[in-house]
Amino acid sequence: QLQLVESGGGLVQPGGSLRLSCAASGFTLDYYAIGWFRQAPGKERERVACISNSGGSTKYADSVKGRFTIPRDSAKNTVDLQMNSLKPEDTAVYYCAASGHRSCLGYVPWDYWGKGTLVTVSS
C-alpha cells in the first residue's frame with residue numbers, strides 16, 4: 001500500500017513563503033495524480049492544488065491561485081507545494097493525496113493520504 005509523508009510545515013509570518021513536500025517510501029509518484037488539501041478548525045476540507053500523472057497539468061483553487069504552485073521533482077520523487085504571499089486564512093493542516101486518475105478535472109478518487117503537516121500563518 002502506498003504511504004505518503006508530508007514535511008515542511010511550521011510557523012511563518014503573513015506575506016512570507018513556505019514549501020511543503022510530499023514523498024512516498026519505496027514508490028514513484030510519477031504515475032499518480034497528486035493533490036494538496038487543507039483543513040482548518042471548524043471548516044470543510046479544501047483541495048488547494050492538483051497535478052496530473054502525465055503531462056504535468058495543474059489546477060488550483062481560486063483561494064490560492066497566483067500564490068501557490070505544485071511542482072514535481074522526479075529526481076527526488078516528491079511533489080511539493082510552494083506557498084507564497086501567505087495570509088492568516090491559509091492556516092490549516094495540509095495533506096497530500098495520490099490518485100490513479102489521469103487528470104485533476106471532475107471527480108478524482110483519492111486512494112492514499114498522508115498524515116498532514118501544520119502550517120500556521122501569524123504575526
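Could you give the dipole magnitude of the range 13-76 about its Cα centre, charging the beta-carbon of Lys and Arg +1 and that of Asp and Glu -1, in debye to the nearest 20? Please report the intermediate quantities before stating the final value.
Values: 10 positive and 5 negative charges, 28 e Å.
For the range 13-76, the charge dipole is close to 140 debye.
Extent of the chain along each principal axis, from alpha carbon coordinates, in Å, largest to smallest?
Ordered largest first, the chain gives principal extents of 39, 29, 26 Å.
Just to confirm the filter: which chymotrypsin sites (Phe, Trp or Tyr not before Pro) across the range 35-123 are DSSP coil and have at most 11 other Cβ within 10 angstrom of their Cβ?
Within the range 35-123, the qualifying chymotrypsin sites (Phe, Trp or Tyr not before Pro) (loop, at most 11 other Cβ atoms within 10 Å) are Tyr107.
Place a +1 charge on the Cβ of each Lys and Arg in the chain and a -1 charge on the Cβ of each Asp and Glu, then give the dipole magnitude about the Cα centre in debye, rounded to the nearest 20.
Charge dipole, the chain, about its Cα centre: 100 debye, nearest 20.
Lys/Arg Cβ at +1, Asp/Glu Cβ at -1, dipole of the chain taken about the Cα centre: which of Thr91, Gly10, Thr28 is farthest positive-ward?
Thr91
I want the antiparallel fraction of DSSP beta bridges within the chain, as a percent rounded to 5.
Just about 90 percent of them are antiparallel.
Highest first, please rank the peptides 25-35, 11-21 by the mean number of other Cβ atoms sitting within 10 Å of their residues.
Highest to lowest by the protection proxy: 25-35, 11-21.
Below 8 Å, C-alpha to C-alpha, sequence gap of six or more: please give me the relative contact order for the chain in percent.
After rounding, I find 35 percent.
What is the distance, in nm, between label points placed 7 Å from the Cα along the Cα-to-Cβ direction at Glu46 and at Leu105?
Simple spin-label model gives 2.5 nm for this pair.
Since every read-out is calculated from the coordinates, none of them should be taken as a lab result. Please read these numbers as outputs of a predicted model, since none were measured by experiment. FYI the Cβ positions are ideal-geometry reconstructions off the backbone, even for glycines, and counts take in every protein chain you see.
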